[in-house]
2 protein chains.
Amino acid sequence: MKRKGCLIVVSGASGTGKGTVCAELLKKRSSLRYSISATTRSPRAGEQDGVQYFFHSRESFEKLIEDGGLLEWADVYGNYYGTPKAPVDKFLNEGQDILLEIDTQGALNVMEKMPDGIYVFLLPPSMEELERRLRTRGTDSEEVILRRLDSARGEVNAAKKYRYVVVNEVVKDAVDTIDAILTAEHAKVANNQDLLDKIAGL
Amino acid sequence: MKRKGCLIVVSGASGTGKGTVCAELLKKRSSLRYSISATTRSPRAGEQDGVQYFFHSRESFEKLIEDGGLLEWADVYGNYYGTPKAPVDKFLNEGQDILLEIDTQGALNVMEKMPDGIYVFLLPPSMEELERRLRTRGTDSEEVILRRLDSARGEVNAAKKYRYVVVNEVVKDAVDTIDAILTAEHAKVANNQDLLDKIAGL
């Protein structure tokens, strides 16, 4: 029997650096696949459909919801975001690890459907640093920044529902820790029953 | 509040290479402390009291048992082995990680008293390889080797009670995996409540 892959969900408040950390993690761990989200938000400069996101109209996204084609979806600041279910199931059944980079609301929804997933909450070093990062990013209006900061405080409490928390102070350190988490999860007894049976000669 | 240390227990059948793996792990992770076992077996060439083991007479070991000074103890092939309790408690309270390298019987006993410990079962790549290693080591009689091999098959079943299993095929790989396990355990939400409260401003 082929070992199933692990689902790893990296989540955290806006501005925590999920995107950068996940991109570096994918470089470091080449066997890890990335789950491409679906969204109705407009592409940012340089973003391509089917690479960073699957970009949808509201109509086609709502059709996906109706068809049960999303593992989770949420309306965040007026845009839909969601995780297509089919590719996740396919990778896991093929024994491939798959990475979901999603916001806290989405992660909490996936948690209910896939409780065996590895849930990692990425933390900013402090709320002051989070504010600085949001302002430096320069993609949001003042109103959105204040809303994101307010939301972030509540999201830190949601972190207690996750399995792991990682502080993203230095990107490399955060990436190394998540990489170690995947290595450790692969070594869990529950993921090695076949190996144990083989060595015991069963 | 100071974070408590983690107890990591590395265990496995005789000849799996526990000693080598633990020695390399201690070199790699300098903050990790080693719990020195007590035993009544005779020192091997080069072993010193208080370094590899605390060497005891049967009488003084039995006094330790009576005084409740051992976290676990067992009679293995006619010799007592045990884990002094006081140093383990002291290191954990000081926030230091501590490594116990003990046989399967001892680990199962510690597991009952310290269920929050990190239990790692070290596996040989195969039973054939384990037999080869036991013969190469040259420290046991033919009778003892056969007894150890017979015991090893049963011990692999006990592995299912552990949290992690690691195959010791290449020492460096086994050490890296256990090192990753410690990193991952430090990132567990349960070990980071203070950090979450601090960042949420509680």
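The values are calculated or read from the model by the stated rules, or taken from the named source; none is laboratory data. Everything numeric in this text was worked out from a predicted model, so none of it was measured. Ideal geometry is used to build each Cβ from the backbone, glycine not excepted, and the neighbour counts take in all protein chains shown. Quick note on the areas: whole protein, heavy atoms, side chains included, nothing else; ligands and nucleic acids left out. Shrake-Rupley method; radii C 1.70, N 1.55, O 1.52, S 1.80 Å.
A few notes on this one:
- Directionally averaged shadow of chain B, computed from the convex hull of its alpha-carbon atoms, nm²: 12.3 nm²
- Using a cut-off of 30 Å between Cα atoms, the listed pairs A:Lys18/B:Lys113; A:Lys85/B:Lys4; A:Lys85/A:Lys161; A:Lys172/B:Lys4 include A:Lys18/B:Lys113; A:Lys85/B:Lys4 as exceeding that distance.
- Placing unit charges on the Cβ atoms of the charged side chains and taking the dipole of the protein assembly as shown about its Cα centre, the candidate lying farthest along the positive direction among A:Val166, A:Trp73, A:Ser57 is A:Val166.
- Region B:28-45 - phi-based ³J(HN,Hα) in whole Hz, Karplus 6.51/-1.76/1.60, Gly and Pro as x: 5, 10, 5, 7, 7, 9, 10, 7, 7, 7, 9, 8, 9, 6, 6, x, 7, 3
- Over all distinct Cα-Cα pairs of region B:102-152, the Kirkwood formula returns a hydrodynamic radius of 12.6 Å.
- Given charges at Cβ of Lys, Arg, Asp, Glu: chain B dipole, positive-most of B:Ser42, B:Ser14, B:Pro125: B:Pro125
- For the chain pair B and A, buried accessible area totals roughly 2500 Å², probe 1.4 Å, rounded to the nearest 100.
- Angle between chain A longest axis and helix A:171-186 axis [Cα atoms, degrees, rounded to 10]: 30 degrees
- Taking the square roots of five times each eigenvalue of the Cα gyration tensor of the protein assembly as shown, the equivalent ellipsoid has semi-axes of 47, 24, 16 Å, listed largest first.
- Dipole magnitude for region B:157-202: about 240 debye, using +1 per Lys or Arg Cβ and -1 per Asp or Glu Cβ, origin at the Cα centre.
- Of all aspartates and glutamates in the structure, those lying under 17 Å Cα to Cα from B:Lys63, and not within fewer than 8 positions of it along the same chain, are B:Glu72, B:Asp75.
- Relative to the current alpha-carbon distance between A:Ser126 and A:Thr20, full extension at 0.36 nm per residue lengthens the span by 36.4 nm.
- A simple charge model with +1 on the Cβ of Lys and Arg, -1 on the Cβ of Asp and Glu and nothing else charged puts the dipole of the protein assembly as shown at about 360 debye relative to its Cα centre.
- Taking the centroid of alpha carbons for each part, region A:115-169 and region B:128-202 are 35 Å apart.
- Net charge dipole size for chain B [Lys, Arg +1 and Asp, Glu -1 on Cβ; Debye, nearest 20]: 420 debye
- Inter-label distance, nm, simple model (7 Å from Cα along the C-beta direction), B:Arg29/B:Gln193: 2.3 nm
- Amide proton proximity set for B:Leu123, modelled H, under 5 Å, gap of 5+: B:Val166, B:Val167, B:Asn168
- Here A:Leu146 and B:Lys90 are evaluated by their C-beta separation; at R0 = 35 Å the FRET efficiency comes out at 0.15.
- Label-point spacing at A:Gly201 relative to the other copies reads 6.5 nm, in ascending order, each point sitting 7 Å out from Cα along Cα→Cβ.
- In degrees, nearest ten, helix B:127-137 long axis to first principal axis of chain B (Cα): 70 degrees
- Legend: mean number of C-beta atoms from other chains within 10 angstrom of residue C-beta atoms, peptide B:170-182, equals 3.
- Built amide H within the under 5 Å cut-off of A:Cys6, gap 5+: A:Asp97, A:Ile98
- The share of accessible area on the protein assembly as shown that comes from carbon and sulfur is 50 percent, using a 1.4 angstrom probe.
- Phi angles across region A:76-92 convert, under the Karplus curve 6.51 cos²θ - 1.76 cosθ + 1.60 with θ = phi - 60°, into 3J(HN,Hα) values of 10, 6, x, 10, 7, 10, x, 10, x, 6, 4, x, 5, 4, 4, 4, 4 Hz, Gly and Pro given as x.
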